Structure formats: structure tokens, C-alpha cells
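One structure is given below, encoded as C-alpha cells.
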Amino acid sequence: MADTWNFPEFKRAVVREVSDNVNLAQRSPISTEDIDLEKCRVEWELYVQTLRDLGLEVIVLPQDPELPDCQFVEDPCVVIGDTALITRPACGPRQGEVTKMEETMRNLGLKVHVVESDTATIEGGDIIFTGKEIFCGDSVLSNEEGFAILEETFPDYPCHSIFVEYPEFHLKGYMALAAPGVMAVCDNEWGHPGWEDVCNASNYTYKPLWMPDDFGNNCMFINGTIIHPPESQKPDTYAIYQKYLADYNLIPMTTEEVSKIDAALTCQSVLF
């Protein structure tokens, strides 16, 4: 299946340490619980070690107390093939994150494109690459100008804009690639219209896995392994992964602390 979908085999991951000031990170108004910094760092270490155990070379960037969201490297950088797009996050305080990501991608030898416009916004949390095409959330954090830059940066793949209704921030907040040709989609008021938009836009047929828990969709497919929410955190969703994706190597992983600021698994790494 992976070969049919031309889905990449990942060899590297870029991650960034948890900021001393992660509790000042961007979050929705209803997410008010404080992160336990020590527990968050323990969870992050487990996440990083898991990537290493899967055979990836993990490049670890230092934390920055001036950048509370710096752990969430998915948003300031998108990599497909040998090309990196250094994005322009919508929230001003996050725009400082792009400097280190650009430096890192250049040092790793990737072809680097940088969003230069001061009106375009685009974040990696809005972008799903399936191996055949790219879906990009039209959200409060990624706009039409950002979408156009995404298209220009990756001309070999069709790009489709998918509307993301507020208060959802990112497309990956309710949809993610669970496996080649398989989408994990939240069974909620955002997931259903989003899935309809995907089906209408694409020339390919994807299988949906409907997830009963919010953020239960957020998973990572890495070279035949699926990292997904654990039973302790999302019991109903966990059962769906175990039932329908049992042919893959499954690794449950908690995001209990970062979930307090609306973050999850994909947010914490850039894979290529």
C-alpha cells in the first residue's frame, strides 16, 4: 500500500526541546489548565526516544524561553522530498521560531523556500501530505496567500484547500493521515464537512476512520508504524486503532501535558 501511494520513507526528524515558558504558548480560550513542565519534558523525551527507536536520525534543537511554542516545530516548517518551506505563522510571537528552522534545514542540505510576504500566513498544522497530493487547511492560521505559496513551493503535487471552521485552529485538529490511503477523522462537527471537502477535491479514494474523541485523529505514520493516542487518554479512539490498523506496528503515546494547550503528536516533529 505504501508503494501504491508513493508515501515517503522517513530517515530524519527535527524536534525542539520544551520551552521553559511553555505555559505561555498559544492556546484556545477554553484551554486554561497549566502544563506540568517536568511531566511535559518526560513525555517529550519518550517521544524523541521513540523516533530514535524507529531508526530515525533525530536532530534536537535547543529550547528558547523567549519562544513558548518552540517545541511545536511542525508549524514553522514543512518538508516534502528534498524541499523545505519555512512558513509564516499567523501569531506574531511565533514568527521568531522560523529563524532556527531555516538555519537547520539549510545546514541539512535541503532546498529551502521562505515565505517572504508580510501578509501571507501558513502553518504546518494545516498541511497533510498523502504521497499523491497535499491538503491545506483554510483556517484562521493559514490564509489564501499562504496556500498559493505552498502550491508554488511544491509544484509536483496537487494542492487542495480545505475549509477549517473556527474555533478549530488547524486541519490536523480533526484529520490526519493514519496510514497510506487511510485518514483518521474526528466524528464531530468539523470532521464531517472537512471529510466531504477532501472527497470532493481529490481524484483519489481514501478510507476514513471515524474517531469518537476530539484530537483522537492526531497520529503519525512512520515507515510502517503508527504512533497514536493511548488507551489511558483516548480509550474509544485507542480501540479503533487496535481494531482497524492491527496490520501495522502500533505504538500508543501520551500527549497528556501538551494537550492542555491544544497540541498533540504531529506538532512535535518535522519528518523527512
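The values are calculated or read from the model by the stated rules, or taken from the named source; none is laboratory data. Bear in mind the structure is a predicted one, so any value in this text is a computation, not a measurement. With ideal geometry, Cβ positions are generated from the backbone for all residues, glycine too; neighbour counts draw on all protein chains shown.
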Residues of segment 137-146 satisfying the condition of being assigned to a strand (DSSP E or B) and among the aliphatic types (A, V, I, L, M): none
Failed condition for Pro68, given (1) touching a Leu at 6+ places or on another chain (Cβ under 8 Å); (2) closer than 16 Å to Val115 by Cα: (2)
Odd one out for Pro68 among (1) under 30 Å from Tyr206 (Cα atoms); (2) touching a helix residue (DSSP H, G or I) at 6+ places or on another chain (Cβ under 6 Å): (1)
Matching residues in segment 141-152 - criterion: being crowded, with 18+ Cβ neighbours inside 10 Å and among the hydrophobic types (A, V, I, L, M, F, W, C): Leu141, Phe147, Ile149, Leu150
Cβ pairs under 6 Å, 6+ apart, first in segment 39-58 and closer than 19 Å to Phe272 by Cβ, second assigned to a helix (DSSP H, G or I) and among the aliphatic types (A, V, I, L, M): Val58/Val48; Val58/Leu51
Pair list, Cβ under 9 Å, 6 or more apart: segment 136-156 residue among the charged types (D, E, K, R), other residue in a helix (DSSP H, G or I): Asp138/Asp126; Asp138/Glu144; Asp138/Phe147; Asp138/Leu171
Residues of segment 147-195 that turn out to be part of a helix (DSSP H, G or I), within 13 Å of Gly137 (Cα to Cα) and of a type in the set (A, V, I, L, M, F, W, C), as a count: 5
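Among the residues of segment 157-176, are any over 29 Å from Gly216 (Cα atoms) and at pLDDT 95 or above? Can you show your working first?
As a first pass, look at segment 157-176 and keep what is over 29 Å from Gly216 (Cα atoms): none.
Scanning segment 157-176, I find no residue that is over 29 Å from Gly216 (Cα atoms) and at pLDDT 95 or above, so the answer is no.
What number of residues in segment 157-176 are over 15 Å from Pro89 (Cα atoms), in contact (Cβ under 8 Å) with a residue 60 or more places away in the chain and not small (Gly, Ala, Ser)? Outline the logic, then answer.
At the first step, the residues of segment 157-176 found to be over 15 Å from Pro89 (Cα atoms) are 157-168, 172-176.
Those still in the list that are in contact (Cβ under 8 Å) with a residue 60 or more places away in the chain too: 157, 167, 172-173, 176.
Within this subset, residues satisfying the condition of being not small (Gly, Ala, Ser) are 157, 167, 172.
Residues in segment 157-176 being over 15 Å from Pro89 (Cα atoms), in contact (Cβ under 8 Å) with a residue 60 or more places away in the chain and not small (Gly, Ala, Ser): 3 in total.
When only residues in segment 153-212 that are hydroxyl-bearing (Ser, Thr, Tyr) and touching a Ser or Thr at 6+ places or on another chain (Cβ under 8 Å) count, which is surrounded by the most Cβ atoms within 10 Å (Cβ to Cβ)?
Residues of segment 153-212 that are hydroxyl-bearing (Ser, Thr, Tyr), as a first pass: 153, 157, 161, 166, 174, 202, 204-206.
Now restrict to residues that are touching a Ser or Thr at 6+ places or on another chain (Cβ under 8 Å): 153, 166, 204, 206.
On the way: Thr153: 23, Tyr166: 10, Tyr204: 14, Tyr206: 21.
Per the criteria, the residue is Thr153.
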Cβ pairs under 8 Å, 6+ apart, first in segment 226-237 and in a loop (DSSP other than H, G, I, E, B), second surrounded by 16 or more Cβ atoms within 10 Å (Cβ to Cβ) and among the charged types (D, E, K, R): Pro229/Asp213; Lys234/Asp213
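Quick one: would you say Pro62 is closer than 17 Å to Leu141 by Cβ, exposed (fewer than 15 other Cβ atoms within 10 Å of the Cβ) and in contact (Cβ under 8 Å) with a residue 40 or more places away in the chain?
Working: closer than 17 Å to Leu141 by Cβ: no; exposed (fewer than 15 other Cβ atoms within 10 Å of the Cβ): yes; in contact (Cβ under 8 Å) with a residue 40 or more places away in the chain: yes.
For Pro62, the condition - closer than 17 Å to Leu141 by Cβ, exposed (fewer than 15 other Cβ atoms within 10 Å of the Cβ) and in contact (Cβ under 8 Å) with a residue 40 or more places away in the chain - is not met.
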